Amino acid sequence: MKIAVIDGMGGGIGSQAVQILKSLNNNDIDIIALGTNSQATSNMIRAGAHEGSTGENAISWMCNQVDIIIGPLAIVAANSMMGEISPKMSESIASSHARKLLLPVSKCNIDVIGLESLQFKTIFNELEIKIKKILEGK
């Protein structure tokens, strides 16, 4: 199973997602770091991604090569992350056949009502539970 982790800025959220995937010790998972910038990609690779690529074309093309996409909610919002998510990237991600596991991080002027009080620890715990269920076929 190919899982893309998409992040921008410093790649902190993506790096944590990669660490969760690595902790599952599942040899059937191929973790691909896709950064909007080289620092984000580098940090996700340092966290344990098997391979990585950077930029609009890499992200847009890889969206249809993977089974699951993980990233902050902002990756489906054009011009979010201080402009790092281009309209082409957000459209490619949103229209990809891949299952999307989006983390409700409210740093792009998008608020998911009812989730304002969730802490990062809770969000990442729920991500881990969801990934395990997917891998078990549930």
Item to check | Residue order, fewest to most beta carbons within 10 Å, for H97, H50 | outcome: H97, H50
Checklist outcome for this item: Filtering GluC sites (Glu not before Pro) in the range 58-132 by DSSP loop and by at most 11 other Cβ atoms within 10 Å leaves E116
Next on the checklist: Please arrange S86, S38 by how many other C-beta atoms lie within 10 Å of their C-beta, fewest to most.
Outcome noted: S38, S86
Checklist entry - What does the charge dipole of the range 12-108 about its Cα centre add up to, to the nearest 20 debye, if the Cβ of each Lys and Arg holds +1 and the Cβ of each Asp and Glu holds -1? => result 240
Next on the checklist: Report the Cα centroid-to-centroid distance between the range 82-114 and the range 1-44 in angstrom, as an integer.
Outcome noted: 16
Item to check | Over the range 2-135, equivalent-ellipsoid semi-axes from the Cα gyration tensor in Å | outcome: 19, 18, 14
Item to check | Kyte-Doolittle mean at least -0.5, axial Cα span of 20 Å or more - DSSP H helices of the chain | outcome: 120-135
Checklist entry - Hey, what did the chain get for relative contact order, percent, Cα under 8 Å, at least 6 apart? => result 23
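All of the numbers you see were taken from the coordinates with simple rules; none came from a lab. Values in this document were obtained by computation on a predicted structure and should not be read as measured data. Heads up, the Cβs are rebuilt from the backbone with ideal geometry, glycines too, and the neighbour counts pull from every protein chain shown.
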